[in-house]
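What follows is a set of notes on a single structure, which appears directly below.
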Amino acid sequence: MKSRVPASGRARRLACAAALARVIGLAGLLTHPWTASAAEIDSVTDREIRLSDASGAIERRLNDALRLGVERANARGEVCDESVLYAELRHAFASPFIGHVIAESLNDDEALDSRRVRRADSIYRDLGLLDAVSVYWKDLSAVVRVGDTLMGVDKIGHFVVEGWAYFETADLEGEGVEAAMTWGENAEDTYFGFYTTGVHSYADLVANLEGLRFWQDVVGRFDRPIPGGRSSRRPLVRCGRRLGLFGERRWRVAHGIDLDDYVSPAWDEGVNCCSYRSAEIEAFVATRVGELSEAAGHDFSCPVDANACVKARERYGALAPRLLHPRCLAANAQPRPWWRFWRGGR
């Protein structure tokens, strides 16, 4: 399989992106806003609105893409070639022009029970064009509920697309999880975060890492960086014969994608707080969050659920300091707020 970019090439690419992002980012977004992958959400405004669980709808999209990728891999005639399988799955989960194509389709799905907040009504409404160019131009992504977790649909894009970049770096190129996480952190500090949205999203980093676990689960032969999920480690895709002991060997979907294996409270930016490019941006956001808290009669400042942070620390163990915002990392268990709105008031 062709490597994404040699390590030195990735370093040069990242350095160039960091240097040029401020100069060309605005022009790129203005001329081709549909190609931009950076997006942001408002995890606080209208947080009390009860949403139905979107897990089933999102899993159907993901599993449709999984089956399509497997069908296309088999159609190419190569007998259970992993490189062909990965290539076709990548094409099924993303497009060359809109990498987060599934996330974009979810964002546009009016049938999906989601919370949609316009930038002008959001906690980011005081930010100017140069503060957060992507947020200003693209507006905000929708927020959905997956199990017990409120998350932006943009996280699904991170899960399958940046998750692949982590997987390729860590496992296929053999550089390890540390190198993959460093790439993700640098991206959040430049073109996926600070230089485009003004926001460094720790929740994005969590979705990236869980995406690594997903890609490891495709054939199930890689060591996971974190425990949890399907304890049997059964692969999502297996190679077998069509008619028992007879017939040609081909890929088949053995198990569908279950988001409960991957989504954690740390995907919620109201729990796993964001950092901001400047103190001024953070002050703008804090002022709006304070106004929402005062109007609602309870505190929406991050983390909104200290207990969720405790669970996240337990889940990610030694990796938690690189995945959780310092406030979430330091949070202590608290009585559950009365206003939490699902499963008896999470």
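The values are calculated or read from the model by the stated rules, or taken from the named source; none is laboratory data. All values reported here derive from a predicted model rather than from experimental measurement. Glycine gets a Cβ as well: all are built from the backbone with ideal geometry, and neighbour counts include every protein chain shown. Calculation scope for accessible area: heavy atoms of the full protein, side chains included, ligands and nucleic acids excluded. Shrake-Rupley method; radii C 1.70, N 1.55, O 1.52, S 1.80 Å.
In the range 154-167, what residues are touching a residue at least 60 places away in the same chain (Cβ under 8 Å) and touching an Asp or Glu at 6+ places or on another chain (Cβ under 9 Å)?
154, 155, 157, 159
Out of 225, 235, report the one residue that is at pLDDT 80 or above and either at positive phi or touching a helix residue (DSSP H, G or I) at 6+ places or on another chain (Cβ under 6 Å) (or both).
So the residue among 225, 235 that is at pLDDT 80 or above and either at positive phi or touching a helix residue (DSSP H, G or I) at 6+ places or on another chain (Cβ under 6 Å) (or both) is 235.
What are the pairs, 6+ residues apart or on separate chains, where a residue within the range 73-97 that is free of Cβ contacts under 8 Å to residues at least 60 places away in the same chain has its Cβ under 7 Å from a residue that is outside any helix (DSSP H, G or I) and surrounded by fewer than 20 Cβ atoms within 10 Å (Cβ to Cβ)?
Once the first residue is free of Cβ contacts under 8 Å to residues at least 60 places away in the same chain and sits in the range 73-97, its partners that are outside any helix (DSSP H, G or I) and surrounded by fewer than 20 Cβ atoms within 10 Å (Cβ to Cβ) give 84/76; 84/78.
For the range 70-100, which positions are closer than 28 Å to residue 146 by Cβ and either modelled with pLDDT under 90 or part of a loop (DSSP other than H, G, I, E, B) (or both)?
Scanning the range 70-100 gives 94, 95, 96, 97, 98, 99, 100.
Any idea which of 241, 288 is surrounded by 15 or more Cβ atoms within 10 Å (Cβ to Cβ), farther than 26 Å from residue 214 by Cβ, out of contact with any helix residue (DSSP H, G or I) (no Cβ under 7 Å at 6 or more places or on another chain) and at pLDDT below 95?
Unique residue meeting the criteria: 288.
Can you name the residue in the range 291-324 that is in contact with a Phe, Trp or Tyr (Cβ under 6 Å, 6 or more places away or on another chain) and at pLDDT below 95 and is also surrounded by the most Cβ atoms within 10 Å (Cβ to Cβ) among such residues?
Among residues in the range 291-324 that are in contact with a Phe, Trp or Tyr (Cβ under 6 Å, 6 or more places away or on another chain) and at pLDDT below 95, the one surrounded by the most Cβ atoms within 10 Å (Cβ to Cβ) is 292.
Name every residue in the range 101-135 that is open to solvent by 50 Å² or more (accessible area, probe 1.4 Å) and at pLDDT below 80, in order of residue number.
Hits for the range 101-135 are 126, 129, 130.
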